[in-house]
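Bear in mind these aren't lab numbers, they're just calculated from the coordinates by the rules spelled out. Note that this is a predicted model, so its numbers are computed, not measured. Here the Cβ positions follow ideal geometry from the backbone for every residue, glycine too, while neighbour counts run over all protein chains shown.
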């Protein structure tokens, strides 16, 4: 559920956050917790304040990522809090290796600053008091959070920094994803073995929690690597290159009934309307809902969407952005237009998937066209 908006970014909590919130309050307020020397009547209030402040620090950590990303023109849809901390849902990763490294480093750096801030407050307070213990715990946990996030396990912050470094060295984002994903898997395995050792040594809770975190990192690293490997081909395709041809246009004075017969025969969901070489608009299946049941003489011009009102994508728009536009708008397909306003065709999810599958297969086979020697393998 959404709990607020900061800098225009939605802050939401996952159901698993409620579980970890309750667990942390319980553990901090117990007599064996860090506040065990505080008077019993103050332990629960101190624990509540600490846990709320802790998750506020996680939000600030994630907002640091989001604000640096915004400086590079990357939008963050939301910050999500869940059992393992928080995550910023960005529309894409860094535009280059440098921007990705700076976006990733912003979070841990912010946590270190927060740790120093709380540490300074703790030193200024009377030693041994409840307030000093609260600020001391917040200082410690922010520093731990910073260094934990710097683990080179993709897609954690440290893993993204590794990815950015590999991207800068190899000049290939796909190779960098594989390198970072492999390192992330190795780190998660080592972390899991450390958890087993802790468990065997008698640190049951710490060992179990470490193994759970290791499993989470491994699953996330693998899924993120797969997702971003599939995303890269989309960012390389341009809508103008993959759009389906628009087909023969309808004339503006064509009766609606005849226009529907054409669309039914060709199984086209949208058809351009043109006068000569000038595209006037677009008529889609949904436009026929505008026709009154007893009106059999309407023309296409009365129901079409004029060019000026068309939701469309430019020819140079990459397929990834087109997929996002299709998803957010709910449209089955979008017209593709060049800067001059000419309709080049239509792009849909099926169109993009077909183009990606073709490029992947062509790359696998090594087929290309030599302008002087024809098709080569």
Here, residue 77 and residue 267, labelled 7 Å along Cα→Cβ, have an inter-label distance in nm of 3.1
Hey, fewest Cβ within 10 Å first, where do 65, 163 land in order? 65, 163
Potential lengthening between residue 204 and residue 219 on full extension [0.36 nm per residue; Cα-Cα distance subtracted]: 3.1 nm
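When a/c is below 1.5 the answer is rounded, else prolate if a/b is larger than b/c, else oblate, so apply that to the range 69-154 with a ≥ b ≥ c taken from the square roots of the Cα gyration tensor eigenvalues.
Prolate.
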Counting pairs of alpha carbon atoms under 8 Å apart in space and at least six apart in sequence, what relative contact order in percent does the chain give? 9
Please give the helix 319-329 orientation as an angle from the longest Cα principal axis of the chain, in degrees from 0 to 90, rounded to the nearest 10. 90
Sort 137, 72 by Cβ crowding within 10 Å, fewest neighbours at the top. 72, 137
Rg and Dmax in Å for the range 15-146, alpha carbons only: what are they? 16.7, 53
Work out how much length residue 127 to residue 248 would gain on full extension: take 0.36 nm times their residue separation and subtract the Cα-Cα distance, in nm to one decimal. 35.4 nm
Computed over all unlike Cα pairs, the Kirkwood hydrodynamic radius of the chain in Å stands at 25.0
Where the eigenvalues come from the Cα gyration tensor of the range 175-223, what are the semi-axes √(5λ) of the equivalent ellipsoid, largest first, in whole Å? 25, 9, 4
